[in-house]
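Encoded as structure tokens, the structure appears first; notes follow it.
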Amino acid sequence: MTENEFINILKNGDFKERFNAVSMADPAYLIHALNDKDENVRYKVASRIPAEKLTPLINDPFKEVRLIVAKRIDAKELPKMLNDKSFWVRHAVAERTDESFLPSLMYDKEPIVRIKVAERIAPEYLKDMIKDNEALVRKAVSKRIPDEYLSLMKDDESESVRNIVAERMARL
């Protein structure tokens, strides 16, 4: 299919025709489908278009499109997605963004995001996460916190956190 044929399908085709076209077209042509009216077409575009062309989809109204974008876009673009309304998107950002941006997610409202942050953030920030209200976040913190701060977690309300801390302190 030529680029002009592709553009014509996007303009005149029904959903199925447009979806099939973006599924099979040369990825270089997909730039023309970034604003398709159907989120399923945009989702397919986001999964196939070259990563450097994903920026226009960062604020797509469909969270599944934004999630694909967060998983594929060049990492230097991820800070633009730190405040996404979907916690799954913020989690994907926390998985891939440069660790220098992780402090801005330390207090995210969703524990799953904070757990990912605790697993990746520079160790010097972990002391600021020891009082997190979610035991699973504190557990992730206890596994990586620098030794000099372990004692601050030895009386944690979570048995699993206390066990990790005790085990690590015994090795010191």
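Rule-based calculations on the coordinates, nothing more; no lab input. Everything quoted here is computed from the prediction, not taken from an experiment. Using ideal geometry, Cβ is built from the backbone for each residue, glycine included, and neighbour counts are taken over all protein chains shown.
Projecting label points 7 angstrom from Cα along Cα→Cβ for Phe15 and Ala75 puts them 3.8 nm apart. 3J(HN,Hα) couplings calculated from phi for the stretch 142-159 with the Karplus curve 6.51 cos²θ - 1.76 cosθ + 1.60 (θ = phi - 60°) are, in sequence order, 4, 6, 10, 4, x, 3, 5, 9, 4, 4, 5, 10, 5, 10, 4, 5, 8, 4 Hz; Gly and Pro show x. Can you compute the label reach from Thr2? Point 7 Å from Cα along the Cβ direction, backbone N cut-off under 16 Å, restricted to the stretch 16-54. 26, 29, by backbone N distance to the label point.
Once you reduce the stretch 62-87 and the stretch 105-119 to the center of their Cα atoms, the two points are 16 Å from each other.
A Förster distance of 30 Å, applied to the separation of the beta-carbon atoms of Glu39 and Lys109, puts the FRET efficiency at 0.75. Measuring r between the beta carbons of Asp26 and Ser100 and using R0 = 35 Å, the FRET efficiency lands at 0.45.
Do any trypsin sites (Lys or Arg not before Pro) in the stretch 1-61 lie in a loop, going by DSSP, with at most 16 other beta-carbon atoms within 10 Å of their beta carbon, and if so which? Numbers along the way, then the final one.
Values: sites: Lys11, Lys16, Arg18, Lys37, Arg42, Lys44, Arg48, Lys53; in loops: Lys37.
Counting only loop positions with at most 16 other Cβ atoms within 10 Å, the trypsin sites (Lys or Arg not before Pro) in the stretch 1-61 are Lys37.
With respect to the chain, whose longest principal axis is taken over its alpha-carbon atoms, helix 39-48 is tilted by about 80°.
Labels on offer are (1) 26, 22, 17; (2) 45, 13, 11; (3) 35, 22, 12, and the one holding semi-axes √(5λ) of the Cα gyration tensor in Å computed from this structure is (2). Extension gain for Leu172 to Lys63 (0.36 nm times residue separation, less C-alpha to C-alpha distance): 34.7 nm.
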